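Below: the structure, in structure tokens.
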Amino acid sequence: MENALKDRIMSAAADYLRNNGLKAAELCRRAGVSPSYFSTASGGKYTYQNTEIGDIFFRKIAAAISFQLEVSYWQHVDTKQYMQTTNTLEEARDRCEARMILGETGCGKTYALDRFCGANPVGVYRVTVNDCDTLRDLLDELVKLLRIDTKAKNGSLLRCICRELRERAMRGERPILIFDEVENLKRTGIKALKAVYDGVRYVVPVVLIGTPEFDTALQSMKNKGVKGMAQFIRRFKAGQVALAPIDRRFTEFMGQIKDESLRQLLSRLADNYGELHDYLERAIREAEELNEPLSVDLFRAIYNIKTA
């Protein structure tokens with residue numbers, strides 16, 4: 001990496017800290033880099049105690065502040081789903097109310113959340129749930145995000161988490177707690193979220209983001225009489241937001257595609273915005289590298305798609 005790019009990254013990092021009222025130590029923690037390296041690099045020096053600061057340091061800083069290192073071949077579009085997700089997150093934070101955002105896979109929920117988190121680096125606490133997470137995994141992630149130093153067991157730990165969030169709200173931080181991919185939650189995780197909601201209600205908004213399968217699973221557990229499910233549903237029911245269905249003609253994204261045959265092919269190939277992104281970003285990049293217009297024939301050649 002050239003020094004000129006390193007200079008730009010560190011200048012952008014300084015702007016990021018100033019614009020968001022963030023301390024360098026917090027940025028280093030989020031990026032997972034050495035504060036000593038950061039202090040040195042901020043002064044325009046890229047060696048620390050005779051050791052060259054590696055490119056990975058600068059890449060981590062760039063990622064943490066959403067500084068684009070490489071050319072993007074994917075144009076941002078304010079889709080209906082993007083605007084719904086962003087507006088709901090902002091509304092939840094402004095009104096301090098719970099929300100549940102449900103939309104089909106690939107409609108841009110996580111993309112919108114990424115941009116929201118990037119624009120709001122202070123007070124946004126995000127947990128992405130995976131299918132292997134246990135209750136303790138979720139609690140440990142919250143402890144890490146909030147930097148709570150405790151070895152308490154689950155019940156006490158939940159109280160510590162809620163207390164810390166309330167204290168941050170009282171200090172004017174405006175915290176918001178967001179759980180993404182909640183369709184992966186297990187029963188114990190759902191009950192933990194209910195406890196967190198109850199512990200911070202009216203003070204810290206809790207937002208759940210997932211697919212409609214989550215609502216289906218909740219209703220199924222409620223119908224089976226699973227303890228606590230009816231109460232959980234009641235807490236989020238009024239704040240549930242169903243995202244608009246995906247436009248599978250991808251009209252909003254087709255402005256950069258001049259070949260009508262390619263537009264039709266993309267509409268048949270891609271099931272959602274995420275898949276469209278994966279197809280188009282590579283194709284546009286390779287067309288540019290070949291200095292050729294992106295046509296249906298070139299696209300088929302790139303992906304080895306035979307003519308029907």
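The values are calculated or read from the model by the stated rules, or taken from the named source; none is laboratory data. Everything numeric here is computed off the predicted structure, so don't read it as measured data. Heads up, the Cβs are rebuilt from the backbone with ideal geometry, glycines too, and the neighbour counts pull from every protein chain shown. Ligands, DNA and RNA are stripped out before the accessible areas are found, and what is left, the full protein with its side chains, is counted by its heavy atoms. Shrake-Rupley method; radii C 1.70, N 1.55, O 1.52, S 1.80 Å.
Screening Arg285 on (1) at pLDDT 95 or above; (2) under 25 Å from the mean Cα position of the chain (by Cα); (3) among the basic types (Lys, Arg) shows it passes everything except condition (1). A search for C-beta distances below 9 Å between a residue of region 60-83 that is without any contact (Cβ under 8 Å) to a residue 60 or more places away in the chain and any residue that is in a loop (DSSP other than H, G, I, E, B) and open to solvent by less than 40 Å² (accessible area, probe 1.4 Å), counting only pairs 6+ apart in sequence or on different chains, returns Lys60/Val33; Ile61/Val33; Ala64/Val33; Ala64/Pro121; Ile65/Pro121; Tyr82/Cys107; Tyr82/Gly108.
Of these, Lys151, Lys144, which one is open to solvent by 70 Å² or more (accessible area, probe 1.4 Å), out of contact with any strand residue (DSSP E or B) (no Cβ under 6 Å at 6 or more places or on another chain) and assigned to a loop (DSSP other than H, G, I, E, B)? First the steps, then the outcome.
Working: Lys144 fails: assigned to a loop (DSSP other than H, G, I, E, B).
Exactly one residue qualifies, and that residue is Lys151.
For residues in region 19-42 being in a loop (DSSP other than H, G, I, E, B) and without any contact (Cβ under 8 Å) to a residue 24 or more places away in the chain, which is least open to solvent (accessible area, probe 1.4 Å)?
Residues of region 19-42 that are in a loop (DSSP other than H, G, I, E, B), as a first pass: 21-23, 32-34.
Now restrict to residues that are without any contact (Cβ under 8 Å) to a residue 24 or more places away in the chain: 23, 34.
Working: Lys23: 158, Ser34: 44 Å².
Checked region 19-42; the qualifying residue least open to solvent (accessible area, probe 1.4 Å) is Ser34.
Of all the residues in region 156-184, those that are touching a helix residue (DSSP H, G or I) at 6+ places or on another chain (Cβ under 7 Å), open to solvent by 10 Å² or more (accessible area, probe 1.4 Å) and among the aliphatic types (A, V, I, L, M) number 1. Selection of region 195-230 for residues being crowded, with 19+ Cβ neighbours inside 10 Å and closer than 24 Å to Leu145 by Cα yields Val196, Tyr197, Val200, Val204, Pro205, Val206, Val207, Leu208, Ile209, Gly210. Checking each residue in region 121-174 for being under 18 Å from Arg187 (Cα atoms) and modelled with pLDDT under 90 picks out Asn154, Gly155.
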